[in-house]
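To keep things clear, I will list the structure first and then write my remarks on it.
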Amino acid sequence: MSQSFTLPDVIPAFPLPGALLLPRARLPLHIFEPRYLAMLDDALKTPERLIGMIQPNDVPGRAGHGVHRIGCVGRITQFSETEDGRYMITLTGISRYRVLEEVEGFTPYRRFSVSWEGFDADRGPAEKDTGFDRSAFLDLLGRYFAARDLNTDWDTLKEADDELLVNSLSMLLDFEPEDKQALLEAPSLSTRRETLVTLIEYSLRSDGSGDVMQ
C-alpha cells in the first residue's frame, strides 16, 4: 500500500474489545457514541484521517493505561452517514504501534503518543508465508466451520493470497479478546498463521471434535 503521509507522534484511540485491525486489512465500524463521533469528525479534518484501534486491558494490577501496549492504526477509507447522525466507516490498516503515554487534553476521546519503531514491515508490501500448507489449513478450517454450522465462500478463500486469507480470518473468527491481541502481536505472517491454527485446534478440542491439523 502506498503511503503519502508521515505517521504522527500522537493519534486518537478507539479502545474496542475483540475488534482486530491488521496492516493492509479493512475493518468496518459503526460509530454512534458522541465521543467517537467527535473523534471521527476531528480525524476527517486531517490529511492522514487516522484512528488507532486498541484493545482494552482491564486486568487488575496490570501496569498500563487500561489498554494493551500494541494497537494498529487505520486510515478512514470509506464513510457514510445515516439519517440519524451515525456513521458507517471502513478503516484500512496502516501500521501497528506501541503506546508510550496518554496525552491529556480537552478532547472527549483518548489520545496516545506512540512509537512506530519495529513495525516497518507493516508499511511495506504484503507478506508471504513460504511454509503455508494451504490444503491442510483449509481442511482444518472446514472442520471448524462445520462444528459451528458456518458457511463461507470456499472459492474465494482458495483464491485469496496468504496474507489476505490469514489476516481476514484472524479478524473475523470469534476468538476471545486476549487471543485477538496475540494475533495482532504476532511478529510475522507465519507466526500469525501458526497462532491462528493453534486457536482453531484448541476450539475444536474444547467442542469435543478432537481434530487437529496434521
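The values are calculated or read from the model by the stated rules, or taken from the named source; none is laboratory data. Quick caveat: nothing in here was measured; it's all calculated off a predicted structure. Cβ: placed from backbone, ideal geometry, glycine included. Neighbour counts: every protein chain shown.
Structural remarks
- Test: residue in region 33-45 that is part of a strand (DSSP E or B), within 14 Å of Phe14 (Cβ to Cβ) and in contact (Cβ under 8 Å) with a residue 40 or more places away in the chain: no
- Number of the exception - Gly18 against (1) under 20 Å from the mean Cα position of the chain (by Cα); (2) more than 25 Å from Ser170 (Cα to Cα); (3) in a loop (DSSP other than H, G, I, E, B): (2)
- Yes/no for Ser95 being closer than 22 Å to Arg49 by Cβ and surrounded by fewer than 16 Cβ atoms within 10 Å (Cβ to Cβ): no
- Pairs where the first residue, in region 186-205, is modelled with pLDDT of 95 or more and the second is surrounded by fewer than 17 Cβ atoms within 10 Å (Cβ to Cβ) and hydroxyl-bearing (Ser, Thr, Tyr), C-beta under 9 Å, 6+ apart: Ser190/Thr130
- In region 101-156, residue nearest to Leu40 (Cα to Cα) [restricted to those that are in contact (Cβ under 8 Å) with a residue 24 or more places away in the chain and β-branched (Val, Ile, Thr)]: Thr107
- Test: residue in region 148-169 that is more than 19 Å from the chain's Cα centre (by Cα), loosely packed, with under 12 Cβ neighbours inside 10 Å and assigned by TED's automatic domain parsing to the domain that holds Leu40: no
- Pro60 exposed (fewer than 11 other Cβ atoms within 10 Å of the Cβ) and modelled with pLDDT under 95: yes
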